[in-house]
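What follows is one structure encoded as structure tokens, with my remarks underneath.
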Amino acid sequence: MGNNEALEIDHTDLVIGLQDAIDRLRASSPQMAKAMDAFLPITDTPVEYEKSKREVQARLTEIIHDEKYTNFVAELTAEDSPESRERLAALLSAGKSGGAWLEASPALPYYRLSDEELALALAMRLGVPLIKPCACTQCGQQMDIYGRHAFVNHTCMNGKATNRHKKVNVALAHTFRDAGITVAVETLYESHYERMPESSQPTVDHRIDIHAEGSGDGGLDPVSGAPQLVIDTSVTHAGTHPLAHKIPLAAAKARVAEKLKFIMKHYKVSKDAIIIFVLETHGALGDEAMKLLHRIAEKKGGGKNEVSAQFLRFSLARIGVALQRGNAVILRHWRSACVPTGNRIVM
Ligand SMILES: [Zn+2]
């Protein structure tokens, strides 16, 4: 026994303690018993757990967290108010790759969040009320405490959503360039693609958020035969979709369909060459967006899985931070323009 004496734990105590904990959890509810059975088959010999205490403990923690999450979701679902739906949608969205920004190291400038941006991002992730319930001072609509109004009511928001979109798009463009892929940002559709005969003249210019033009080494995927890629970057609010509180990424999926339809209605672009890169307010990436990042990371890694994995994490964090900054711009404007002074909650 040396200096580590204090850290040593009696094996028997731990195993008995673990077995007690397991029995208690199993008895706590039928759902919990079911969840436990899936992971830890009943055994008469508690000593078996000794073999892999760390693994058992990790599994237990997982089971408890899952159970808590499920109960929490069930509680919110049972309420079925607009606020519970909004919160549930946020929860589902945040659970899907929505925490990537939390892994960003503040060592690099584009990874840094101000104190206010960090406070707002965390408040949204945790579902903390951002205001006391009240009506919007501009349009008179009743607003929920989680800031839905800021993300869905564009007339009151004075174009701030455009700023968020731009931030995310710039972060994505950098991700392409860091992987050695040539891209152009915000070029006109008409300079690359023919207009569909039935498309009417747009009142505003249609611009391609990101156009990946290179082929061969400078391209993303010369094998697929689509050297040119049209990437449409889009941020949507999970709570706007009627099923967002039940189906993760429902809002993102709907946005992908809507954008695809729009582009193909106006321009002669092959469907395979269009990628709708959608993020939800709380950080979840649509499936297409995630696939694209994987492809870029593969290109960057050039066969080295470690490099690809690291680049993917790096890119997810970078885009996530850009999104949170954009969210902060929106929330800041909303609180000063739509929320009466007495109803703002200071962070
Ligand atoms: Zn309003």
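The values are calculated or read from the model by the stated rules, or taken from the named source; none is laboratory data. For clarity, every value in this text was computed on a predicted model and none was experimentally measured. Don't worry about glycine lacking a Cβ; one is built from the backbone with ideal geometry, like all the others, and counts go over all protein chains shown.
A few comments on the model shown:
- Hey, residue 280 within 17 Å of residue 161 (Cβ to Cβ), of a type outside the set (Gly, Ala, Ser) and surrounded by fewer than 20 Cβ atoms within 10 Å (Cβ to Cβ) or not: no
- Test: residue in the range 103-110 that is farther than 21 Å from residue 236 by Cα and within 16 Å of the ligand (Cβ to nearest atom): no
- Leading residue by the ranking (farthest from residue 147 (Cα to Cα)) among those in the range 92-109 that are in a helix (DSSP H, G or I) and at pLDDT below 80: 95
- Tabulated pairs, the range 130-148, first free of Cβ contacts under 8 Å to residues at least 12 places away in the same chain, second among the small types (Gly, Ala, Ser) and within 11 Å of the ligand (Cβ to nearest atom), C-beta under 6 angstrom, 6+ apart or interchain: 142/135
- The range 259-287: number of residues that are over 13 Å from the mean Cα position of the chain (by Cα) and not polar (S, T, N, Q): 17
- If the condition is being out of contact with any Lys or Arg (no Cβ under 7 Å at 6 or more places or on another chain) and either away from the ligand (no atom under 16 Å from the Cβ) or in a helix (DSSP H, G or I) (or both), then the range 324-344 contributes 324, 328, 331, 332, 334, 336, 337, 341, 342.
- Test: residue in the range 151-173 that is over 13 Å from residue 325 (Cα atoms) and touching a Lys or Arg at 6+ places or on another chain (Cβ under 8 Å): no
- The helices (runs of 4 or more DSSP H) falling completely within the range 120-185 that include 2 or more residues that are away from the ligand (no atom under 12 Å from the Cβ) and buried (at least 19 other Cβ atoms within 10 Å of the Cβ) map to 160-178.
- Residue within the range 293-300 that is out of contact with any strand residue (DSSP E or B) (no Cβ under 8 Å at 6 or more places or on another chain) and over 19 Å from residue 171 (Cα atoms) present: no
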